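The values are calculated or read from the model by the stated rules, or taken from the named source; none is laboratory data. Fair warning: this is a prediction, and the values are worked out from it, not measured in the lab. Note that we place each Cβ from the backbone using ideal geometry, even for glycine, and neighbour counts take in every protein chain shown.
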Amino acid sequence: MAHFFDLARGIRTLTDMLYDPGFWLFGLAVGLLFLGILGVILSTRRVPSDEAPPVAAPGSEETRLHELEAEVERLRAEAEELRDVLGRLAVLLERRSPARPGDPGTHLVTTGDDRARRAGDG
């Protein structure tokens, strides 16, 4: 029965086993598998609410307010630029197809002073 538990001829001692490349390749494969599983677990982990970083630090409220004010100014400037572009586009379209008197629906730009035209008086 002693020969049943005996290792192969080339691997008789622990030292011989450490020189075997198959042992190192198996260990490398197991290690990489373990690291892959650990990486998936850590990358999909959700942060508990008590560990979550605060949304805004108390000292950064003023900085955030300045950032928001700058964003509002940028949006106002962008809206004004868009109004200018739409105005130029309306002028170009009216030049391309001039309105004929009495032709309804050819007035492209609606202004506050066109009540008479909408009422049918113009």
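The table that follows gives values for the structure above.
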{"item": "Residue match in the range 66-73 (condition: part of a helix (DSSP H, G or I) and modelled with pLDDT under 85)", "result": "no"}
{"item": "Selection count where residues are modelled with pLDDT of 70 or more and either aromatic (Phe, Trp, Tyr) or touching a Cys at 6+ places or on another chain (Cβ under 9 Å) (or both), scope the range 1-37", "result": "5"}
